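Notes to accompany the following structure.
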Amino acid sequence: MPHPLSNDLRERVVAYVEAGNSCHGAAARFGTSVSFAVNLMRRWRETGRVDPRPRGGFRHGKLGQHRDFILATVAAESDITMPELAEKLAKAKGVKADPSNLSKFLIACGLSFKKNSAGQRTRQA
């Protein structure tokens, strides 16, 4: 993803358009896209700001709020499957979560459990 254009350039584009020139003319003069100039002027008129909006950032998942419930459920039923856990979470808390997301969440919490196939269990005995 490209870096935002500098505030200096943004201020020069705004000053150029405020002086009576068009956004198309400002884009041609400063070597930017027309959409940049138009969007910048729209933001300038609405908010009075030219600085770029924040980019990206960490998005918090919906499972973190229900961490205690999920960990307690797994502790109570150690052999619970991810689809079963997703169903219990949906019924108890009204949160729809994909089983793969639950698995990733449990791994991030430090829990991982790989079940053995039936053949491996009989060979170990």
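The values are calculated or read from the model by the stated rules, or taken from the named source; none is laboratory data. Predicted, not measured: the structure shown is a model, and the values here were computed from it. Neighbour counts run over all protein chains shown; Cβ positions are idealised from the backbone, glycine included.
Data overview
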quantity: Residue count, segment 96-114 (criterion: at pLDDT 90 or above and farther than 13 Å from L71 by Cβ); calculated: 8
quantity: Subset of segment 1-16 [part of a helix (DSSP H, G or I) and surrounded by 11 or more Cβ atoms within 10 Å (Cβ to Cβ)]; calculated: N7, L9, R10, E11, R12, V13, V14, A15, Y16
quantity: The listed residue being of a type in the set (A, V, I, L, M, F, W, C) and loosely packed, with under 12 Cβ neighbours inside 10 Å, out of A28, A19, A37; calculated: A19
quantity: Test: residue in segment 35-54 that is at pLDDT below 90 and not in a helix (DSSP H, G or I); calculated: yes
quantity: In segment 61-86, the residues that are surrounded by fewer than 15 Cβ atoms within 10 Å (Cβ to Cβ) and either among the small types (G, A, S) or assigned to a helix (DSSP H, G or I) (or both); calculated: G61, G64, Q65, R67, D68, A72, A75, A76, S78, P83, E84
